[in-house]
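Worksheet for the structure shown next.
The values are calculated or read from the model by the stated rules, or taken from the named source; none is laboratory data. These numbers come from a predicted model, not from an experiment. Because the Cβ atoms are built from the backbone with ideal geometry, glycine has one as well, and the counts that use them run over all protein chains shown. To get the accessible areas, we keep the full protein, side chains included, count just its heavy atoms, and leave off ligands, DNA and RNA. Shrake-Rupley method; radii C 1.70, N 1.55, O 1.52, S 1.80 Å.
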Amino acid sequence: MATRIGFLRAINLGAKRKFPKASIIAAVEAAGFTDVETYINTGNVRFDTTLRSRAKIEAALEEAFAAEAGFAVPTVVFTPRELKAIAEEAASFGHSGRHYVSLLKQTPTAAAVREVEEAGSAEEVAKVGGRAVHLLLGANYHEARLTNAAVEKHLGVATNRNLTVIRELADRWC
């Protein structure tokens, strides 16, 4: 049995994509995973599985989420070790502004990494490490040009969390 951490993309945004924690837990259990736990209502879920393939785990979750929620829910899965490394890497940047992390479904190519990192500016910086993009921003995320949408344009499916959530999940689940 291995522990995995799933991050659901684009839920609980607006009136039409509601997916409460209890429904997430029910879907994860229906997919055959055990010892399920969620953290806040933004789509963070920890579970145990006998499956080894990340792609198979993501596919099973996405199928169960679509059945439970009634809409597609792209899902990105990490091991506890991978999540802990993302949280530790964040500390190396020494950024005092807003710090968000876009979690990628696929490992990006070197060319795609260059594109997203070059899309930044002096005030908005993207640092890519594996399947995580650290967005080092100024005071107002809602005015930023370097957002999860910009990351997805260059690197494909991603879901975004602030660094506080990433650190909390690493502390709780890693």
Cα centroid separation, segment 73-114 to segment 144-174 (Å): 6 Å
Accessible area expressed per residue, segment 77-120, with surrounding protein chains retained (probe 1.4 Å, Å²): 55 Å²
Shape of segment 81-136, Cα gyration tensor, a/c cut at 1.5: oblate
Quotient of C-alpha Rg and 2.2 N^0.38 Å, computed over segment 84-174: 1.00
Helix-only [θ]222 nm of the chain, DSSP H runs n ≥ 4, -39500 (n - 2.57) each, per residue, nearest 500: -11500 deg cm²/dmol
Carbon + sulfur, % of accessible area of segment 1-127 - ligands and nucleic acids excluded, 1.4 Å: 50 percent
Estimated translational D of the chain in µm²/s (Stokes, Kirkwood radius over Cα pairs; 37 °C; 0.692 mPa s): 200 µm²/s
Radius 15 Å from Cβ of Lys105, net charge of other residues (Lys, Arg +1; Asp, Glu -1): +3
Most positive-pole-ward Cα, Ala72, Leu104, Ala87, against dipole of segment 60-110 from beta carbon charges: Ala87
Average accessible surface area per residue within segment 28-67, 1.4 Å rolling probe, Å²: 50 Å²
Of the DSSP H helices in the chain, those whose Cα atoms cover at least 20 Å axially and whose Kyte score averages -1.0 or more: 54-69
